[in-house]
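The values are calculated or read from the model by the stated rules, or taken from the named source; none is laboratory data. Since we're looking at a predicted model, the values are computed, not measured. Cβ sites come from the backbone with ideal geometry, for glycine too, and all protein chains shown count toward neighbours. These accessible areas exclude ligands, DNA and RNA; they are computed on the full protein's heavy atoms, side chains included. Shrake-Rupley method; radii C 1.70, N 1.55, O 1.52, S 1.80 Å.
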Amino acid sequence: MGDGRYVSIAEQVLLVLQTSGKRSGDEYASVDAIAQSVRMTITWANELDVEYVLNVLSRPTELKLLQFADGVSHVIGVVAPY
């Protein structure tokens with residue numbers, strides 16, 4: 001979504017995971033527990049949105065550096081996760 005919905009949820013998910021990790025010594029945290037914690041701050045976030053964000057955050061990612069010229073974009077660099 002272009003409205004920043006998932007970015008807001010991702011920020012809160014990362015904060016919840018960080019807090020949970022400090023409290024539990026990096027023990028497993030269920031999706032339900034994470035979603036419940038996220039909803040304490042972001043009341044409009046539903047469990048499916050939280051699951052989606054968790055799936056995206058858990059995937060290896062590749063960042064591409066784009067250069068725009070004459071209305072056309074060109075990949076000029078790639079940053080791999082590993």
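Annotations for the structure displayed:
- Full extension of the chain between residue 68 and residue 14 gives 16.3 nm of extra length, using 0.36 nm per residue less the Cα-Cα distance.
- Neighbour-limited loop hits for GluC sites (Glu not before Pro), the range 1-61 (at most 12 other Cβ within 10 Å; DSSP other than H, G, I, E, B): 27
- Rounded to whole Hz, the Karplus (6.51, -1.76, 1.60) HN-Hα couplings of the range 43-60, x for glycine and proline: 5, 7, 6, 9, 4, 5, 5, 5, 4, 4, 4, 4, 5, 5, 5, 7, 8, x
- Accessible area ranking (1.4 Å probe, heavy atoms, ligands and nucleic acids excluded), largest first, for 28, 52, 6: 28, 52, 6.
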